[in-house]
Amino acid sequence: MQSSSYRPGRIFLYKLEHNSELVRSIVDFAKGKRVKMAVFTVVGAVKQARLAYYDQARHEYQQIKLDQPLEIASCSGNLSLKDGKPFAHVHAVLADAAGKTYAGHLIRATVFAAELHLQELLGKKLEREYDPTTGLALWEFGGR
Amino acid sequence: MQSSSYRPGRIFLYKLEHNSELVRSIVDFAKGKRVKMAVFTVVGAVKQARLAYYDQARHEYQQIKLDQPLEIASCSGNLSLKDGKPFAHVHAVLADAAGKTYAGHLIRATVFAAELHLQELLGKKLEREYDPTTGLALWEFGGR
Amino acid sequence: MQSSSYRPGRIFLYKLEHNSELVRSIVDFAKGKRVKMAVFTVVGAVKQARLAYYDQARHEYQQIKLDQPLEIASCSGNLSLKDGKPFAHVHAVLADAAGKTYAGHLIRATVFAAELHLQELLGKKLEREYDPTTGLALWEFGGR
């Protein structure tokens, strides 16, 4: 079965630093607290962002540049391991002054103000491994 | 009071199968784990999707066909009972190659790659029942 | 460190009242249950809404009026204190009949039908205080 069961660990609220890079800040925060597995959400605003869309036929990411201030209307993801190191998989919906939205896989973003809610998961540590069907690094549950 | 209080049960991480139907996969996963009540989120990508918009005046759903690969920028919902069986209420924000978004009630979608985070809720099992004001199947808390 | 660690408290499912104001309903519900700190999500639909975009240069919110029925495609946020009183910070992605989205900071909305999932957080009560860098009321963790 491609699943694991976890017990809830600590829950953190964290105010991300103004001008920090959002994705790296989440990973660095988790490292500092020795969190290995987690799920999280973020609300706030960013100064600029890079989203990505995965081309399912070509197996490659296309970048979407957003060089403007945007609200983080929705941002959620999970933390697991990739190449033995903490890795954050983050998706986001961003909104401009007219309420128009841009969304996808979040590569990076510069924080204006952002509040992280992170739920630590206690149990099996999942490692991402290359999946030939999709070309993506997906969770390997082992012992099927 | 139209609410219930729950204790946190198991938390699951589940890799949905490539080419499976997303909403049914969540319900089937919950059934397999004997989960009755839950809240969940999904990140990933789909090959195609059917969203719905509820016409609040006519009391009927209008379908939105999306026959293209899309990122799951946000997907969240809950699991309760309808007609005595597990039922998933799912909303989603999907994004295309330009970062343009499509959103609403998620009827079904074909999984390209998707990661489910499901929080089991221990406590009162809620059943959905017809609500004449909205025409929707809403939670019945009973014993008001 | 600009963070606090919490233990999970009660989890609530709450059916918001038809025609109630969404943001105030969340705050009033939390007050009624004596919840001080929480994170939450909402799925459902609204009759109309007011979103806001924060102008990062001028340090002021711009309002976005949406006078039409909309699906709540995503809605998440947190509850903490501001001026000593419970305050909900809510962001949302709303969708119209064509699946087109409008998103940002949610000021208020009239509920058509909505389901709240609220996770109580047990631990330090955070108070929002004026932050001169952003002009926003951000969490003050104290004792740095």
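The values are calculated or read from the model by the stated rules, or taken from the named source; none is laboratory data. Remember, predicted model here, so these are calculated numbers, not experimental data. Glycine gets a Cβ as well: all are built from the backbone with ideal geometry, and neighbour counts include every protein chain shown.
On the basis of being at pLDDT 95 or above and more than 30 Å from C:LYS47 (Cα to Cα), does B:LYS65 make the cut? Taking the combined requirement at face value, the residue does not satisfy it. Just a yes or no: is a residue in segment A:28-51 farther than 30 Å from C:GLY142 by Cα and free of Cβ contacts under 8 Å to residues at least 60 places away in the same chain? There is at least one residue in segment A:28-51 that is farther than 30 Å from C:GLY142 by Cα and free of Cβ contacts under 8 Å to residues at least 60 places away in the same chain. Regarding B:ALA103, is this residue in contact (Cβ under 8 Å) with a residue 24 or more places away in the chain, within 16 Å of the chain's Cα centre (by Cα), within 12 Å of chain C (Cβ to nearest Cβ) and within 30 Å of A:ASP131 (Cα to Cα)? When the stated conditions are applied, B:ALA103 passes them. All conditions in (1) in contact (Cβ under 8 Å) with a residue 40 or more places away in the chain; (2) within 14 Å of chain C (Cβ to nearest Cβ) hold for A:HIS59, with the sole exception of (2). Inside segment C:62-80, residues that are under 25 Å from C:THR133 (Cα atoms) and surrounded by fewer than 17 Cβ atoms within 10 Å (Cβ to Cβ) make up a count of 2. Candidates are the residues of segment A:116-143 that are part of a strand (DSSP E or B) and without any contact (Cβ under 8 Å) to a residue 24 or more places away in the chain; the one that is surrounded by the fewest Cβ atoms within 10 Å (Cβ to Cβ) is A:TYR130. Scanning segment C:62-71 for residues that are part of a strand (DSSP E or B) and either in contact with a helix residue (DSSP H, G or I) (Cβ under 7 Å, 6 or more places away or on another chain) or more than 10 Å from chain B (Cβ to nearest Cβ) (or both) yields a total of 5. Filtering segment B:81-94 to residues that are of a type outside the set (Val, Ile, Thr) and assigned to a strand (DSSP E or B) leaves B:LEU81, B:LYS82, B:LYS85, B:PRO86, B:PHE87, B:ALA88, B:HIS89, B:HIS91, B:ALA92, B:LEU94. Quick one: which of C:ALA113, C:ALA97, C:ALA45 is in a loop (DSSP other than H, G, I, E, B), under 25 Å from B:ALA73 (Cβ atoms) and more than 14 Å from chain A (Cβ to nearest Cβ)? Exactly one residue qualifies, and that residue is C:ALA97. In segment C:72-94, the residue that is nearest to the other protein chains (Cβ to nearest Cβ) out of those that are in contact with a strand residue (DSSP E or B) (Cβ under 7 Å, 6 or more places away or on another chain) and more than 16 Å from A:ALA95 (Cβ to Cβ) is C:ASN78.
Considering segment A:11-36, and only residues there that are away from chain C (no Cβ under 12 Å) and hydrophobic (A, V, I, L, M, F, W, C), the residue that is surrounded by the fewest Cβ atoms within 10 Å (Cβ to Cβ) turns out to be A:VAL27. Only one of the listed residues (C:GLU60, C:GLU21, C:GLU17, C:GLU71) is acidic (Asp, Glu), modelled with pLDDT of 95 or more and touching a Phe, Trp or Tyr at 6+ places or on another chain (Cβ under 7 Å). That residue is C:GLU71.
When B:VAL27 is tested against (1) assigned to a loop (DSSP other than H, G, I, E, B); (2) closer than 23 Å to C:GLU115 by Cα; (3) touching a strand residue (DSSP E or B) at 6+ places or on another chain (Cβ under 8 Å); (4) not aromatic (Phe, Trp, Tyr), only condition (1) is not met.
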